[in-house]
Amino acid sequence: MQTIPFMEKTYYDPADLKKFGDVAEFGPELAKKFFDYYGDVFKEGALTAREKSLIALAVAHAIQCPYCIDAYTSDSLEKGITDEQMMEAVHVTTAIRGGASLVHSVQMMNKSKKLSM
Amino acid sequence: MIKSLRANHHILANTQEQLRILSEGVFASGELPSFEDRLNLINDYPLKPSSIQIFQVNIGYMCNQVCKHCHVDAGPDRKEIMTRDTMKMCIDIIKEANIKTLDLTGGAPEMNPDFRWFVEEANKAGVEEIIVRSNLTIILANPSYYDLPQFFKKNKVRVISSLPFYQPDKTDRQRGEGVFEKSIKALHMLNEVGYGQDRTGLLLDLVYNPAGAFLPADQLQLERDFKKELKNHFDIDFNSLFTITNLPISRFLEFLLRTDNYDDYMEKLVNAFNPSAVKGVMCRNTLSVDYQGYLYDCDFNQMLGLKVQKAAGQHLRDFDINKLENREIKISQHCYGCTAGAGSSCQGTVA
């Protein structure tokens, strides 16, 4: 019988990360296109593979994807990225996320000023 | 002071227990293929040597450091040590079998009281290259070692030193408090006598191994990082950087099990299996010798108590190059460490 581990108890299981490729089961053509594309994206290009790994780590924190944080922390270590560099990348995420909220306060200020005598 | 697994009577000090762990679990369940199965798939089983060019002699397990990942389980409490008589047997074989490289390791090989004698005799015997695998801090451990850089220079010894990272924190976490600072001082002493400098012919190589359950970064990229950082921050020069993958034995195995990283690490190694790395694994051109004169396919097999195949002759006194070059190399699942990614050996990547 097929087992569906943890599904009823928790939304996330670390073991599911290894099964990422299995998404092809429900749609092989798009999965193939996606994974081919994914592989090409992370190849050394105008950006180094190391830079791409750090960007992925920063984005992983922005979208708060536990699979991606797991994968790109390991990947960063395996690319010789230091703990300090990883933390700086996450602070970039935080600055942009925090800034995105804060910059909207200009709208709040505009509105408040318009309404106020 | 941290003690060895042996001194702590840890169950993993027992090599049979390590071999049991390596053959059970994810490998017995079929979740991951055994190394033998994997080699069979590419028609490389049994694994056979090419020609034996390197004699890697472990002259004692005593060390002034107790590194967390040490595959030897070395430390100040280990008393196993090679005698001059066994060294003499090595020298005779080096002459007779035309061995190109004598690679001295330990423990801290410099702590063997006959270390200098051995190096001088090997030079007289005409060996092309003598390597000492130095932990660096030994040079500063006692005034009697302060002149080691001059001794190495005089005897044209190639120095290969462990330095897990170019920053203090990762190095000290793995090798002990204060190790980084002492290593830097020792590297300065080696640079001062000409090691790692242009046109001196005195080679100083560094060894990087990951400070945890992950694979090493690209060797060339890391070499560039190390060169830049060590030059800018500490004015240190060296020749090459070798990346070595941590093999799941001894203290590193203990770490993997204790931190629940073992299954994932083995899966990582298996998934990174590189058939072209199999061609370059060091057991194909290297013989490992232990302090008592027994022969092994590599230093890792030595630490697992896996002597060379019996029919090939398991001791220096039975040395027969033809039999040894026709032996079958003993393998277990730890061998996946040498075939992962770009491969791994005592001279760095192999593929």
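Structural remarks
- Listed conditions (1) more than 14 Å from every other protein chain (Cβ to nearest Cβ); (2) closer than 27 Å to A:K19 by Cα; (3) surrounded by fewer than 17 Cβ atoms within 10 Å (Cβ to Cβ) are all met by A:E51, apart from (1).
- Residue match in segment B:70-85 (condition: within 20 Å of the chain's Cα centre (by Cα), farther than 29 Å from B:N8 by Cα and either in contact (Cβ under 8 Å) with a residue 40 or more places away in the chain or crowded, with 23+ Cβ neighbours inside 10 Å (or both)): no
- Every residue from segment B:221-249 that is more than 11 Å from chain A (Cβ to nearest Cβ) and closer than 22 Å to B:F273 by Cβ: B:F242, B:I244, B:N246, B:L247, B:P248, B:I249
- A:S101 closer than 19 Å to A:F42 by Cα and either within 14 Å of chain B (Cβ to nearest Cβ) or assigned to a helix (DSSP H, G or I) (or both): no
- Residue check, B:N271 surrounded by fewer than 21 Cβ atoms within 10 Å (Cβ to Cβ), on the phi < 0 side of the Ramachandran plot and not hydroxyl-bearing (S, T, Y): yes
For (1) within 14 Å of chain A (Cβ to nearest Cβ); (2) closer than 27 Å to B:Q221 by Cβ; (3) free of Cβ contacts under 8 Å to residues at least 12 places away in the same chain, each residue gets a yes or a no:
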site	(1), (2), (3)
B:D147	no, no, yes
B:F151	no, no, no
B:K154	no, no, yes
B:Q167	yes, yes, no
B:T171	yes, yes, no
B:Q174	yes, yes, no
B:G178	no, no, yes
B:A186	no, yes, no
B:M189	no, no, no
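- Residue under evaluation B:R199, criteria (1) surrounded by fewer than 20 Cβ atoms within 10 Å (Cβ to Cβ); (2) in contact (Cβ under 8 Å) with a residue 12 or more places away in the chain; (3) closer than 26 Å to B:I130 by Cβ, criterion not met: (2)
- Single unsatisfied condition, A:H91 versus (1) within 14 Å of chain B (Cβ to nearest Cβ); (2) under 17 Å from the mean Cα position of the chain (by Cα); (3) surrounded by fewer than 14 Cβ atoms within 10 Å (Cβ to Cβ): (1)
- Residue that is in contact with a strand residue (DSSP E or B) (Cβ under 6 Å, 6 or more places away or on another chain), under 29 Å from B:L247 (Cα atoms) and within 12 Å of another protein chain (Cβ to nearest Cβ), where the choices are B:P216, B:P210: B:P216
- If only residues of segment A:60-75 that are touching a residue at least 24 places away in the same chain (Cβ under 8 Å) and of a type in the set (G, A, S) are counted, the one that is farthest from the other protein chains (Cβ to nearest Cβ) is A:A62.
Every read-out reported here was derived from the displayed coordinates using simple, explicitly stated rules and does not represent laboratory data. Remember, it's a predicted structure, so these values are computed and weren't measured experimentally. Positions of Cβ are backbone-derived with ideal geometry, glycine not excepted, and every protein chain shown enters the neighbour counts.
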